[in-house]
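Below you'll find the structure, written out as structure tokens, and then a few comments.
Values in this text are rule-based calculations from the coordinates and carry no lab data. Just so you know, these numbers come straight off a predicted model, no measurement behind them. Cβ coordinates were reconstructed from backbone atoms using ideal geometry, including for glycine residues, and neighbour counts include every protein chain displayed.
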Amino acid sequence: MPKFSRPKSLVDKQTHFCPGCLHGIIHRIIAEVIDELDVEGTTIGVFPVGCGVFGYWYLGCDTVSASHGRACAVATGVKRARPDRLVFSYQGDGDMMAIGTGEAIHAAARGENFTSIFVNNAIYGMTGGQMAPTSMPGQKTQTTPFGRDTAAAGFPIKSVEMFATLDGVALAQRVSVHDAKHVREAKAAIKKAFEIQLRGEGFSVIEVLSTCPTNWGMTPTNSIKWLEENMIPYYPLGVTKEGAVK
Amino acid sequence: MKKTLMKGNEAIAEAAIRAGCKCYFGYPITPQNEIGAYLSQHLHKKGGTFLQAESEIGAINMVYGCAATGTRCMTSSSSPGISLKTEGISYMVGADLPCVIVSVQRGGPGLGTIQPSQADYMQATKALGHGDVHVPVFAPCSVQEMVDITTEAFDLADEFLTPVVILLDGLLGQMMEPVSFGDDAVEQKREYPDWAVTGHENKREYRNITSLRLHPEELEETLIARQARMEGVKARTRSQAVNCEDADIVVVAYGTTARVIQSAMEMARAEGFKIGTFRPITVAPFPDKQIKAACKNAKQVLVVEMSLGQMVHDVKAALEFSVPVEFYGRQGGFVPGPEEIFEKIKEMTVSL
Amino acid sequence: MSNNSNFKLHEILIAGFGGQGVLFAGKLLANIAMIDEREVTWMPSYGPAMRGGVCNCAVCISGTLIGSPVVHHPDTLICMNGPSFDKFVPNVRKGGTAYIDSSIIESTYDTNDFNCQYIPATTLATDNGLKPGLGIIVILGKVIKDTGITDLETVKKAIAETTHKTDMIDANVKAIEIGMSL
């Protein structure tokens, strides 16, 4: 029976993430996939501003930091220069669906052959808990102290449904990491996305539903429950588009 | 050497290909569109990539990603577009990444005009991003010089790990002049530099390229080291002084207006006025020592710009306010004629 | 044709409708100057100014370095339509010449400061079996003869450099010859 151990491409270092944060799990499954595909030496990761910005401390592949919102543009530049490399971006909800929507949509529309891993935890973690484009209606945040009022602050954006409308997209799928079963499914989705990229089939995006116990003001256990009860009904899990770009 | 007639914008694009530029990322804006159009037609023949980005912000960040892999790349834009690129330029400076940025100035603020202007001197030399950002800026004044400087700019960027700006205006971009490119050099296979993010192939430690320096000691150290490195660029400042030895008035201008002051000087000399000219070829770092030497016998200095007066402040500072400095400017897209500059010179000589 | 030391600055402005060969005539002139190893600049009107049909280009040719490539007061003006007649003829330098296609422009300009040459260029072109678009080249032939800036041999080389359509070379040469015979 295989022994549970640290993946080779996950650096032996304690993370800076808050207790109960799921970023560590997402990092780990990416590292497992990198190991399984044996691509650590040929992978370049792009980590923009957000809680995920320190990904370069934890993953053993080469990495580039990006400014807030520009990960898909930076990844485009990396991939166009080195089409022989596996390139992925690791973006938060502000990065992907607020300040960087233009970059993300156009990278997808061009069918850029890289993978975007989009962690949606419905809040701005790094800046201290402000409303995200994906915050739920009624959700209390630092900038929606009375709950997100959709009449004033609009509605959450459903990203993979939107990506699915673009012809350059080879895979758009939403997963979650709130329990072991879903972690396994998330890992399989990320592996599938990387394989799609290695076959040169087009843009792949995996939206990962995650939590932020600190800024949600909940215990880790309650935050898992909140994700299940509030986010999954609004953000249904599953594939919204799959198939090589023609 | 065979000469061909080329527009400045096209010549710069051809020079970039010959300098080994492998990727171009840009967003259309007048008056620099010929650069992208030319590269979209020709860059792929040398195995390069042309990509029209979704915005100037997208373009500069693609340049950032591409440069991080150690690949020669460039972008180009005009005034409002350069404003958008300043975000990415700051990150590139912070991450010590090389690239070439062509800035073809138009008149502002706002939409302004697409006619020739030099109203973005401050933007290019002082304001290409937040933080202690200082980027070398070349200001050529002829199509041949644009070509020669393009090669130099790529080399300088690689040597000093910094974005380098080539500052033009609509006139220099649109004007055709005969130009030669030298012999077709056999392209050297470029090694990826030892700082680049290329995928480590399990042969070295993993690398990260970032501008993030959270610890005060680390950021301060990085800034001071970068400043020390950029001191080396100062040794490369270039300028051109003509007839300054005996000149009562030295007229200073860069780019397009530097051509016009040359004609004005000839007019004035023909009528017995002792006039010289000084042209900074690099405007950042500013050629402080050279202008001081050129103006050592001058009784007055006249700065001519297509703006309300921007470089004039650098001239005053370089001369340490030891010589009276006057300004003559045209705005709105007007290129001053030599006659009006000669009139200004005559006005100034009354007080000599 | 080198001897640049005595070659004075020529400031030439060519103006007309888009499609009349204004930019082409300017490029031809610039190529002539380049072959003769002169200093030369060619500067088009650009941007929205060139939309709406009116376009112009300025060509400066000199034995020494050229200052501004912008021409405010041309010593030679080639004028191919009414709007550019109104706009540019009054700006011709004292002692200069305005060449006006009188088969398109009916107006005349009364002045003693500069010379006005009225040439039915487009008609001359079509009467000789050439396309009307070569009217401007007929005028260019006349300008070359009057100014003596170059010889026919250089013009022929320059035409081959400027046009990519080989079947247009002979027609352009013929247009130049018609102009030079005026």
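So the label point goes 7 Å from the Cα of B:Ala127 along Cα→C-beta, right? Which residues of the stretch B:24-64 then have their backbone N under 19 Å from it? Output list for this probe position: B:56-57. For B:Ile29, the amide hydrogen comes within under 5 Å of no other amide hydrogen, counting only partners 5 or more places away or on other chains and with H modelled in the peptide plane. For chain B, the longest principal axis of the Cα atoms and the long axis of helix B:56-68 meet at an angle of about 60 degrees. Within the stretch B:199-327, DSSP assigns beta bridges of which about 25% are antiparallel (rounded to the nearest 5). Between C:His73 and B:Asn297, the simple label model (points 7 Å from Cα in the Cβ direction) yields a spacing of 3.2 nm. Per-residue Karplus couplings for the stretch C:7-13, computed as 6.51 cos²θ - 1.76 cosθ + 1.60 with θ equal to phi - 60°, are listed in order as 7, 7, 6, 10, 10, 10, 10 Hz, Gly and Pro entered as x. Once the Cα-Cα distance is subtracted from the 0.36 nm per residue extended length, the B:Glu340 to B:Glu245 segment shows a gain of 31.8 nm. A helix-only calculation puts chain A at -9000 deg cm²/dmol for mean residue ellipticity at 222 nm, using -39500 (n - 2.57) for each DSSP H run of at least four residues, averaged over all residues.
Cβ crowding within 10 Å ranks C:Leu130, A:Leu22, A:Leu37, C:Leu140 as A:Leu37, C:Leu130, A:Leu22, C:Leu140, fewest other Cβ atoms first.
Taking amide H as placed 1.01 Å from N in the peptide plane, A:Ser89 has its amide H under 5 Å from the amide H of A:Val46, A:Thr115, A:Ser116, A:Ile117, each at least 5 places away in sequence or on another chain. Cysteine residues of chain B whose Cβ has no partner cysteine Cβ closer than 4.7 Å: B:Cys21, B:Cys99, B:Cys141, B:Cys244, B:Cys295. Within the same chain, aspartates and glutamates fewer than 8 places from A:Lys140 are excluded, and of the rest, those with a Cα less than 18 Å from its Cα are A:Asp93, A:Asp149, A:Glu228, A:Glu229.
On the beta carbon distance between B:Ala228 and A:Lys3, with R0 = 45 Å, the FRET formula returns roughly 0.35. The helix-only estimate of mean residue ellipticity at 222 nm for chain B, built from DSSP H runs of length n ≥ 4 each weighted as -39500 (n - 2.57), is -12500 deg cm²/dmol after division by the residue total.
Spin-label pair B:Arg236-C:Thr166: with each label point 7 Å from Cα along the Cα-Cβ axis, the two points sit 4.6 nm from one another. Averaged over peptide C:58-69, the number of partner chain Cβ atoms lying within 10 Å of each residue's Cβ comes to 5.
Taking other C-beta atoms within 10 angstrom as a stand-in for reagent exposure, B:Glu10, B:Glu56 fall in the order B:Glu10, B:Glu56, fewest first. Couplings 3J(HN,Hα) for the stretch B:118-131, derived from phi with the Karplus relation 6.51 cos²θ - 1.76 cosθ + 1.60 (θ = phi - 60°), are 10, 7, 10, 4, 4, 4, 5, 8, 10, 9, 8, x, 6, x Hz, where x marks Gly and Pro. Extending 7 Å from the Cα toward the beta-carbon at both A:Glu161 and C:Thr108 defines two label points whose distance is 7.8 nm. Helix B:8-18 and the longest principal axis of the C-alpha atoms of chain B enclose an angle of approximately 40°. Pairs A:Lys79/B:Lys22; C:Lys145/C:Lys174; B:Lys274/C:Lys94; B:Lys3/C:Lys8: which exceed 20 Å Cα-Cα? Over 20 Å Cα-Cα: B:Lys274/C:Lys94; B:Lys3/C:Lys8. Distances between placed amide hydrogens fall under 5 Å for A:Thr144 paired with A:Met131, all partners being 5 or more residues away or on another chain. Across the stretch A:183-193, computed HN-Hα scalar couplings (Karplus, 6.51 cos²θ - 1.76 cosθ + 1.60, θ = phi - 60°) run 4, 4, 5, 5, 4, 4, 5, 5, 4, 4, 4 Hz from first to last residue, x flagging Gly and Pro. In chain C, the calculated helix contribution to ellipticity at 222 nm averages -10500 deg cm²/dmol per residue, counting -39,500 (n - 2.57) for every DSSP H run with n ≥ 4. Applying both filters, DSSP loop and at most 13 other Cβ atoms within 10 Å, to the trypsin sites (Lys or Arg not before Pro) of the stretch B:15-76 eliminates every site.
The mean count of C-beta atoms from other chains within 10 Å of the C-beta of residues in A:101-114, rounded to a whole number, is 2.
The antiparallel fraction among DSSP beta bridges confined to the protein assembly as shown stands at about 30%.
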